[in-house]
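Below you'll find the structure, written out as structure tokens, and then a few comments.
The values are calculated or read from the model by the stated rules, or taken from the named source; none is laboratory data. Just so it is clear, the structure is predicted and the values come from calculations on it, not from any experiment. Note that each Cβ is placed from the backbone with ideal geometry, even for glycine, and that neighbours are counted across all protein chains shown. Accessible surface areas use protein heavy atoms only, side chains included; no ligands, DNA or RNA. Shrake-Rupley method; radii C 1.70, N 1.55, O 1.52, S 1.80 Å.
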Amino acid sequence: MQQSLVSSPNRRRLRWLALFLLAIAVAVGGWYFAKQPKHANQDKADRVEVTLGDLEENVTAQGKLEPKEYVDVGAQVTGQLQKIYVKIGDNVEAGQLLAQIDPRIYAARVAADEANIKNLQAQLAGQQAQVVFAQQQYDRNRELLKSQGVSVQDFQNSEFTLKNAKATAESLQAQIEQVQSTLNGDKTNLGFTKIFASMDGTMVDQKAREGQTLNANQTTPTILQLAKLDTMTVRAQVAEADVMRLRSDMPVYFTTLGSGERRWQGTVRQILPTPEVINNVVLYNVLVDVDNRDRQLMTGMSTQMFFVLGKAEQVPLIPVNALGPRQRKEDQGNGHAYQVKVLTEQGPQDKVVQIGLRTRRFAQVLDGLAVGDKLQINAGMDDKAKNRKNNQGYPGAGVPRL
């Protein structure tokens, strides 16, 4: 009991001593930080510098690759597909035999038409002999009628016989022409049973198989597809907010999944005027041609497109979060006037500068600042820049090489 009473005051003294030492540590720490320059770290974080670098302003979009020139090879006649002479991936030349449809029905029709024509020609030959005989009778009766050697009725009968013989001959000639027209059509259909390549290219797809019956009465059945793969076309879908900034012959580059650092270069060939509406989003198709003689690009590949609106190398750059409000001052050249805060020995000073190209992160300084000048970040613009960076669709778009 006596030991417990002695130790209790000691514990209280130790507690007070610990509190005293903690208070001294807090006071020393406060004094240390108070001696540091005010807002040093904050000023450093809110300060940017004008630097040299490369800048590229562009519009990005997604696209799909397709051959620039291709043709769907179909059947113009109905029948069984007997033979396909090429395989997918084979290179073919214009006029090369690609496939064969069973020709027997069409060959039989041609043979029947030819036999019908021979029959009509034989009838025409006999009728033409009748015309000659009737003409001779008519001529003889006409001479005899002058001397009343024949009656008028006999002369009229010979005249009727001649006209009737000529009419019959003309009818047979018309029938021959009709059958000849049918023969030409049947010969054409017989020729359609052999399907030839209409252009040089590569067989990229096969829609029908050997032994399949093709019905060409309602729609043209597709057998295979030929394409020229030396030049590919990217069909890029550009949002309506950006399409008005594009133009024909504008330089473009794109990347594909798995292409690594490789970029393919091209130019805008055409901006199609009719849009596609997907989930209430209006998208315009922009066609870009690209050389593909190395055959690295394939149909259906996805692409990330970069339409180059402008680019500059080794120019003064500032982050966009250093830009203040845009000024109403008239634009000079291609630039736009913005207000910035320049850090000087006297403190931040407002200044109007001319800005040229601009991306989500950086802006080109045309006039008003020099390399090495220090600027104060605009807090509101900093938040907007962060949001744009977080919402950016493709990593690295518009990032200058510093």
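For beta carbons closer than 9 Å, sequence separation of 6+ or different chains, a first residue in segment 181-210 that is under 14 Å from Gln96 (Cα atoms) and in a strand (DSSP E or B) and a second that is β-branched (Val, Ile, Thr) and open to solvent by 70 Å² or more (accessible area, probe 1.4 Å), the qualifying pairs are Thr202/Ile88; Met203/Ile88.
The set of residues from segment 159-212 being among the charged types (D, E, K, R) and over 30 Å from Gly74 (Cα atoms) comprises Glu159, Lys163, Lys166, Glu170, Glu177.
Per the conditions (1) in contact with an Asp or Glu (Cβ under 7 Å, 6 or more places away or on another chain); (2) open to solvent by less than 50 Å² (accessible area, probe 1.4 Å); (3) at pLDDT below 95, the sole criterion not satisfied by Leu317 is (1).
Restricting attention to segment 203-236, the residues that are on the phi < 0 side of the Ramachandran plot and open to solvent by 10 Å² or more (accessible area, probe 1.4 Å) total 22.
Of Val131, Val86, Val92, which residue is more than 23 Å from Ser181 (Cβ to Cβ), hydrophobic (A, V, I, L, M, F, W, C), crowded, with 17+ Cβ neighbours inside 10 Å and free of Cβ contacts under 8 Å to residues at least 40 places away in the same chain? Lay out the reasoning, then the answer.
Values: Val86 fails: free of Cβ contacts under 8 Å to residues at least 40 places away in the same chain; Val92 fails: free of Cβ contacts under 8 Å to residues at least 40 places away in the same chain.
From the options Val131, Val86, Val92, the qualifying one is Val131.
Scan segment 273-294 for residues that are in a loop (DSSP other than H, G, I, E, B) and among the β-branched types (Val, Ile, Thr) and report the count. Of the residues in that region, 1 qualify. Selection within segment 226-274: residues that are farther than 18 Å from Ser302 by Cβ and among the basic types (Lys, Arg). The member of this set that is farthest from the chain's Cα centre (by Cα) is Arg245.
Once segment 38-54 is narrowed to residues that are modelled with pLDDT under 80 and under 50 Å from the mean Cα position of the chain (by Cα), the residue that is most open to solvent (accessible area, probe 1.4 Å) is Lys44. Only residues that are of a type in the set (Gly, Ala, Ser) and either buried (at least 19 other Cβ atoms within 10 Å of the Cβ) or touching a residue at least 12 places away in the same chain (Cβ under 8 Å) (or both) were counted in segment 237-258, giving 2. Taking segment 211-233 as the range and being closer than 22 Å to Met199 by Cβ, part of a loop (DSSP other than H, G, I, E, B) and hydroxyl-bearing (Ser, Thr, Tyr) as the test, only Thr220 passes. All conditions but one from (1) surrounded by 17 or more Cβ atoms within 10 Å (Cβ to Cβ); (2) in a strand (DSSP E or B) apply to Asn116; the one that does not is (2).
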